[in-house]
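Notes for the one structure printed next.
What follows is calculated from the coordinates using simple rules that are stated; it is not laboratory data. Since we're looking at a predicted model, the values are computed, not measured. Please note: Cβ atoms are built from the backbone with ideal geometry, for glycine as well, and neighbour counts cover all protein chains shown.
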Amino acid sequence: MIIAANLKTNLTRKSTTEYINSLEAYIKSSGVSQDVLVFPAMSALDSFNSSYLSVGAQNAYPTKNGAFTGEIGTEQLDEFNITTILIGHSERRHILGETQESIATKFEYYKKLGYTIVYCVGEPLQKREAGKEEMMEYISAQYEGIDTSYENLIIAYEPVWAIGTGLTPTLEDIEEIHTDLKKKSYAPLLYGGSVKVDNAKEVLALKNVDGVLVGSAALKVDDFCHMISFAEELQK
Ligand code: PEP
């Protein structure tokens, strides 16, 4: 399974290094065989070069370098051998205003370079409440311009209303949506949105859930390791 931590705008360079070192020590000593990904804040990217986990960028612009104030490109990612990127996260869609068109352009750029792309999709509450058909239409639009057969693609289904709120869909709902989304792409499909130690095991055990993307609850490295141990126990 794939267990990923999105650290968002949290931790410093120093505390991120401590986090990754602790995580690596845990994976090494426990013989974990799951794929572990960590997305630190931009300023904490570094050459971690670990064979036990992968470090990715939460965002980057589709460029090598240039005049794109506030962004980074592949020149900066290459410095740290980073070849994994998160694209389409709801905070970038809804807070930073990224459009599906700009997201698809970014996707295409990083796909051509062979990056592992964790691509996020998910509906806001209003779409969920509008019923299944409207909700699935909304999510389907987030597949526009995305090569769903890309070999290094991982998809994360993250209902916007579940991110950072402590709310989650029912287990039945997660399984149902994952089963529908698996028809759109065979890529590994993660669930994200208020996953924590208390619910991670039951979410990971669901059919068509190939892992989890964890935000707030991954900030404590011991909790994140605990969630990794559940995936290890389940050995799907
Ligand atoms: C996320 O931001 O990808 C996420 C899943 O956040 P949280 O776990 O805090 O809901």
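Here is how the numbers come out for the structure above:
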item: In Hz, Karplus ³J(HN,Hα) per residue of the stretch 141-149 (6.51, -1.76, 1.60; θ = phi - 60°; x = Gly, Pro); result: 5, 7, 9, 5, x, 10, 7, 6, 9
item: 5 angstrom amide H check on L37, placed H, neighbours 5+ away; result: I3, A4, A5, S54
item: Charge dipole (the chain, unit charges on Cβ, about Cα centre) - positive-most of Y143, I228, V55; result: V55
item: Cα Rg, Dmax, the chain, angstrom units; result: 16.8, 48
item: Cα pair distances of the stretch 43-151 binned at 5 Å [whole percent]; result: 2, 11, 21, 22, 18, 12, 8, 5, 2, 0
item: Order by protection proxy (mean Cβ within 10 Å, highest first), peptides 159-172, 183-196; result: 183-196, 159-172
item: Net +/- balance of residues flanking A162 in space, Cβ distance below 11 Å, scoring K and R +1, D and E -1; result: -2
item: Peptide ranges 68-74, 113-119 listed from the most packed, as the mean C-beta count within 10 angstrom indicates; result: 113-119, 68-74
item: Phi to ³J(HN,Hα) by Karplus 6.51 cos²θ - 1.76 cosθ + 1.60 over the stretch 130-137, Hz, x for Gly, Pro; result: 7, x, 4, 4, 5, 5, 5, 4
item: Whole-angstrom gap from the stretch 81-100 to the stretch 164-235, using each part's C-alpha centre; result: 19
item: Helical contribution to [θ] at 222 nm, DSSP H n ≥ 4, -39,500 (n - 2.57), averaged over the chain, rounded to 500; result: -11500 deg cm²/dmol
item: Over 21 Å (Cα to Cα) - which of K64/K182; K28/K220; K14/K220 fall in this group; result: K64/K182
item: Placed amide H near V195: partners under 5 Å, 5+ positions off or other chain; result: G215
